[in-house]
Amino acid sequence: MTRHDYDRFDLLVGMDSWNIRNMKAICGGDPDEKIHLLLDFTNRRGEVSDPWYTGDFEATWRDVSEGCMCLLKSITDSPSVRYNQ
């Protein structure tokens, strides 16, 4: 990720608070509130389970899968989303 990405993209997604902290440092903050945790799009906010520490790849798969499905729903349900053809 680069500082330029903040200007190029409408949404930047991290898996845990360490990702978010680093993303904000790279971007010089988050004045437009573009940086989010993946699980913020679900009903159970928090961090994606990290298999490096837990060894539980199934939990990570569930977190990422649910987060991505809810993120997609959030994007496709948004009336302000424009799709480039």
- Message: Looking at region 54-66, can you tell me whether even one residue there is of a type outside the set (Ser, Thr, Tyr) and touching a strand residue (DSSP E or B) at 6+ places or on another chain (Cβ under 7 Å)?
- Response: no
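Mind checking which residues of region 15-72 are acidic (Asp, Glu) and either assigned to a helix (DSSP H, G or I) or in contact (Cβ under 8 Å) with a residue 60 or more places away in the chain (or both)?
We begin by selecting, within region 15-72, every residue acidic (Asp, Glu); these are 16, 30, 32-33, 40, 47, 50, 56, 58, 63, 66.
Within region 15-72, Asp40, Glu58, Asp63, Glu66 qualify.
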- Within region 11-43, residues of a type outside the set (Ser, Thr, Tyr), surrounded by 10 or more Cβ atoms within 10 Å (Cβ to Cβ) and under 18 Å from Leu72 (Cβ atoms) come out as Leu11, Leu12, Val13, Gly14, Met15, Lys34, His36, Leu37, Leu38, Leu39, Asp40, Phe41
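Kindly indicate which of Phe9, Phe41 is among the aromatic types (Phe, Trp, Tyr) and touching a Gly at 6+ places or on another chain (Cβ under 8 Å). Explain how you work it out, then say what you get.
Numbers: Phe9 fails: touching a Gly at 6+ places or on another chain (Cβ under 8 Å).
Testing whether each residue is among the aromatic types (Phe, Trp, Tyr) and touching a Gly at 6+ places or on another chain (Cβ under 8 Å) leaves just Phe41.
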- Note on the structure: Here the residues within region 44-68 that are at pLDDT below 95 and surrounded by 15 or more Cβ atoms within 10 Å (Cβ to Cβ) are Ser49, Asp50
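The values are calculated or read from the model by the stated rules, or taken from the named source; none is laboratory data. The structure presented is a predicted model; accordingly, all values stated were derived computationally and were not measured. Note that we place each Cβ from the backbone using ideal geometry, even for glycine, and neighbour counts take in every protein chain shown.
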